[in-house]
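**Q** After the structure tokens below, expect a handful of questions from me.
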Amino acid sequence: MKRVLTVLLILAVSTAAFAAGSQDGGKGGSVTLMQNKPEIDPQLQAYGALWAEKTGNKAVMKSIGGSSSVTMGQQLRADYAAGEMPDIFIIAGIEDFAEWESLILDMSDQPWVNDTSVAFQVDGKTYGFPVAVEGWGMAYNKDLLDKAGIDPSTLTNYGAYKAAFEKLDSMKDELGIISVVSMAASAEMGWVTAHHNFNSLLSNGLPYGDLSVTNDLIAGNVDAKRLGEYADWVELLFEYGDKSILTTGNYDAQVGAFATGKTVFLHQGNWVDPNMEQANATFTMGYAPHGSMKADTDGIFVSAPSYYVINKDSKNLEAAKQFLNDMVYTAEGQKFMVEEAGMLPAFGNITLQPDGQLSKSVQQYNAAGKVYSWNQYNFSGDFRDQVLAPIYNQFAIGAIDKAQFVELLTDAFENRQ
């Protein structure tokens, strides 16, 4: 993804505005922000407090998601019904935008728009501030793979993963692991299966931006061969995952098992880098492509994961605009995004880069152009969370077999409302 460079003068002027309280935002305003990344909640809370102290505005940071039974969409609907919509909130893509379009502010005139190539746009207008650039494949512990004599660069298809998983499973005691894969598929962790893993079906092996498989499924046309190979991949992950983590584990359990060297692979994105640091994980790690196809694939899934939007009916519009600009153009905002939250910045003026190994792996894939799109957000959140997620969960707990998994997914697409 190309980054656009900005004029240094803008950075200097905006940094000063953060320290003194922007004339646009003024002092005494209030900003309530709701986001869906609980793993960065401590860092966000600290930044919100610092921003409030420096600008004289009030800041309330709310995090929804992770292991919570309440989704972002559900919470926003409840807040809307109660007349308590936040000033800034998160959308994931076009489906979320369609739901909240009447409330979302056109931010085309904001300074940060010229410094990113991944803003959320509709009909030439910019509505969404990209939270970061993120990516995921299969995170691996290279130290453990080395002990097993497995080269991660060979993990480019289903067959290679199957052979590797079988070998690693036979060496569990020697490697000191509880399972080969750390994978979560509980009812509360549907965002791992029906969002992230689902995207393997939609875009793995396709040119970036290719929506052919996605559009076919939206139209109810199912490629049985591709779905069959994908089901093999899901079955493999479930078979070699720790059953407790797989069926009842939360985010902390899933990520913690990998961070402490108890699993060789982790099905999560580079947003777990802060968790790796907190756990003092010193082993070498990186990403390999998903093995959801028999054919070789050499990329991982990279995009802007979500976007901050401003509630245009907010009484705190100027303070909300200032909050977003300050994240891009102040030293404190940049430090929060990159060094504290461990995010890959989506803005070309930001030269800081995160230290996390998984973020560096995403950067390497991105720089090499070995990336596949995020197409899952072309489906509604309700479809992913209420229709697809329970199917994955049933497969994980053994309530259905692989043939039934394929049958239920096929039926879901063909009869999608």
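**Q** Does region 209-231 contain at least one residue that is outside any loop (DSSP other than H, G, I, E, B), in contact with a strand residue (DSSP E or B) (Cβ under 8 Å, 6 or more places away or on another chain), small (Gly, Ala, Ser) and under 17 Å from residue 376 (Cβ atoms)? Full working, then the answer.
**A** Just the residues of region 209-231 that are outside any loop (DSSP other than H, G, I, E, B), to begin with: 212-218, 224-231.
Still in the running and in contact with a strand residue (DSSP E or B) (Cβ under 8 Å, 6 or more places away or on another chain): none.
No, every residue in region 209-231 fails to be outside any loop (DSSP other than H, G, I, E, B), in contact with a strand residue (DSSP E or B) (Cβ under 8 Å, 6 or more places away or on another chain), small (Gly, Ala, Ser) and under 17 Å from residue 376 (Cβ atoms).
**Q** Please go through region 267-297 and pick out each residue that is in contact with a Pro (Cβ under 9 Å, 6 or more places away or on another chain) and part of a loop (DSSP other than H, G, I, E, B).
**A** Just the residues of region 267-297 that are in contact with a Pro (Cβ under 9 Å, 6 or more places away or on another chain), to begin with: 269-271, 273-274, 286-288, 296-297.
Result: 296, 297.
**Q** Next question, about the same structure. Going residue by residue through region 251-264, is there one that turns out to be among the hydrophobic types (A, V, I, L, M, F, W, C), under 28 Å from residue 205 (Cβ atoms), in the same structural domain as residue 156 (by TED's automatic domain parsing) and part of a loop (DSSP other than H, G, I, E, B)? It would help to see each step written out before you state the result.
**A** Taking region 251-264 and keeping what is among the hydrophobic types (A, V, I, L, M, F, W, C), we get 253, 255, 257-259, 264.
This time we only want the ones that are under 28 Å from residue 205 (Cβ atoms), so: 255, 258, 264.
Restricting the remaining residues to those that are in the same structural domain as residue 156 (by TED's automatic domain parsing) gives 255, 258, 264.
Now restrict to residues that are part of a loop (DSSP other than H, G, I, E, B): none.
The answer is no; no qualifying residue exists.
**Q** If the requirement is being within 19 Å of residue 228 (Cα to Cα) and not polar (S, T, N, Q), which of these qualifies: 164, 194? Spell out the reasoning first.
**A** Values: 164 fails: within 19 Å of residue 228 (Cα to Cα).
Going through 164, 194 in turn, the sole match is 194.
**Q** Here's another thing I want to ask about it. Give the residues of region 99-148 that are surrounded by fewer than 20 Cβ atoms within 10 Å (Cβ to Cβ), in the same structural domain as residue 289 (by TED's automatic domain parsing) and either over 30 Å from residue 174 (Cα atoms) or in contact (Cβ under 8 Å) with a residue 12 or more places away in the chain (or both), sorted by residue number.
**A** Within region 99-148, 142, 143, 147, 148 meet the criteria.
**Q** A follow-up question, please. Could we say that residue 33 is under 16 Å from residue 321 (Cα atoms) and at pLDDT 85 or above here? Walk me through it before giving the result.
**A** On the way: under 16 Å from residue 321 (Cα atoms): yes; at pLDDT 85 or above: yes.
The answer is yes for residue 33.
So that you can scan it fast, the table gives a plain yes or no per residue for (1) over 19 Å from the mean Cα position of the chain (by Cα); (2) surrounded by 18 or more Cβ atoms within 10 Å (Cβ to Cβ):
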residue	(1), (2)
213	yes, yes
217	yes, yes
230	yes, yes
235	yes, no
243	yes, no
257	yes, yes
273	no, yes
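**Q** Got at least one residue in region 213-234 being more than 30 Å from residue 256 (Cα to Cα) and hydroxyl-bearing (Ser, Thr, Tyr)? Lay out the reasoning, then the answer.
**A** Narrowing region 213-234 to residues more than 30 Å from residue 256 (Cα to Cα): 213-228.
Going one step further and asking which of them are hydroxyl-bearing (Ser, Thr, Tyr), we end up with 214.
Yes, there is a match, as at least one residue in region 213-234 is more than 30 Å from residue 256 (Cα to Cα) and hydroxyl-bearing (Ser, Thr, Tyr).
**Q** Being at positive phi and of a type outside the set (Gly, Ala, Ser) is true for just one of 115, 123, 169, 143. Which residue is that?
**A** Details: 115 fails: at positive phi; 169 fails: at positive phi; 143 fails: at positive phi.
Just a single option satisfies the conditions, and that option is 123.
**Q** Just to check your reading of the model, which residue among 159, 220, 241 is on the phi > 0 side of the Ramachandran plot and either at pLDDT 95 or above or in the same structural domain as residue 146 (by TED's automatic domain parsing) (or both)? Spell out the reasoning first.
**A** Numbers: 159 fails: on the phi > 0 side of the Ramachandran plot; 241 fails: on the phi > 0 side of the Ramachandran plot.
After ruling out the rest, the residue left standing is 220.
Let's see how each residue does on (1) of a type in the set (Lys, Arg); (2) without any contact (Cβ under 8 Å) to a residue 12 or more places away in the chain; (3) under 26 Å from residue 245 (Cβ atoms):
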{"site": "362", "(1), (2), (3)": "no, no, yes"}
{"site": "366", "(1), (2), (3)": "no, no, no"}
{"site": "370", "(1), (2), (3)": "yes, no, no"}
{"site": "376", "(1), (2), (3)": "no, no, yes"}
{"site": "382", "(1), (2), (3)": "no, no, no"}
{"site": "389", "(1), (2), (3)": "no, no, yes"}
{"site": "397", "(1), (2), (3)": "no, no, yes"}
{"site": "404", "(1), (2), (3)": "no, yes, yes"}
{"site": "408", "(1), (2), (3)": "no, no, yes"}
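**Q** While we're here: So residue 94 passes all but one of these: (1) surrounded by fewer than 16 Cβ atoms within 10 Å (Cβ to Cβ); (2) without any contact (Cβ under 8 Å) to a residue 60 or more places away in the chain. Which condition number does it fail?
**A** Checking residue 94 against (1) surrounded by fewer than 16 Cβ atoms within 10 Å (Cβ to Cβ); (2) without any contact (Cβ under 8 Å) to a residue 60 or more places away in the chain, the one that fails is (2).
**Q** From the list 253, 219, 231, which one is out of contact with any helix residue (DSSP H, G or I) (no Cβ under 7 Å at 6 or more places or on another chain) and farther than 18 Å from residue 288 by Cβ? Steps first, answer last, please.
**A** Values: 253 fails: out of contact with any helix residue (DSSP H, G or I) (no Cβ under 7 Å at 6 or more places or on another chain); 231 fails: out of contact with any helix residue (DSSP H, G or I) (no Cβ under 7 Å at 6 or more places or on another chain).
Testing whether each residue is out of contact with any helix residue (DSSP H, G or I) (no Cβ under 7 Å at 6 or more places or on another chain) and farther than 18 Å from residue 288 by Cβ leaves just 219.
**Q** Just to check your reading of the model, which residue among 301, 283, 347, 323 is farther than 22 Å from residue 47 by Cα and either without any contact (Cβ under 8 Å) to a residue 12 or more places away in the chain or surrounded by 23 or more Cβ atoms within 10 Å (Cβ to Cβ) (or both)?
**A** Values: 283 fails: either without any contact (Cβ under 8 Å) to a residue 12 or more places away in the chain or surrounded by 23 or more Cβ atoms within 10 Å (Cβ to Cβ) (or both); 347 fails: farther than 22 Å from residue 47 by Cα; 323 fails: farther than 22 Å from residue 47 by Cα.
It is 301.
**Q** Can you tell which of 95, 101 is in a helix (DSSP H, G or I), closer than 24 Å to residue 71 by Cα and touching a Gly at 6+ places or on another chain (Cβ under 8 Å)? Before the answer, list the steps.
**A** Details: 101 fails: touching a Gly at 6+ places or on another chain (Cβ under 8 Å).
Among 95, 101, only 95 is in a helix (DSSP H, G or I), closer than 24 Å to residue 71 by Cα and touching a Gly at 6+ places or on another chain (Cβ under 8 Å).
**Q** Only one of 2, 62 is part of a loop (DSSP other than H, G, I, E, B) and either modelled with pLDDT of 95 or more or within 22 Å of the chain's Cα centre (by Cα) (or both). Can you tell me which?
**A** Values: 62 fails: part of a loop (DSSP other than H, G, I, E, B).
Answer to the selection: 2.
**Q** Shifting gears a bit: Keeping to region 364-377, report how many residues are over 15 Å from the mean Cα position of the chain (by Cα) and not charged (D, E, K, R). Break it down into steps so the answer makes sense when it comes.
**A** Step one: filter region 364-377 for residues over 15 Å from the mean Cα position of the chain (by Cα), giving 364-370.
With not charged (D, E, K, R) added as a condition, the list becomes 364-369.
Number of matching residues: 6.
The values are calculated or read from the model by the stated rules, or taken from the named source; none is laboratory data. Please read these numbers as outputs of a predicted model, since none were measured by experiment. Counting neighbours? That spans all protein chains shown, and the Cβs are built from the backbone with ideal geometry, glycine included.
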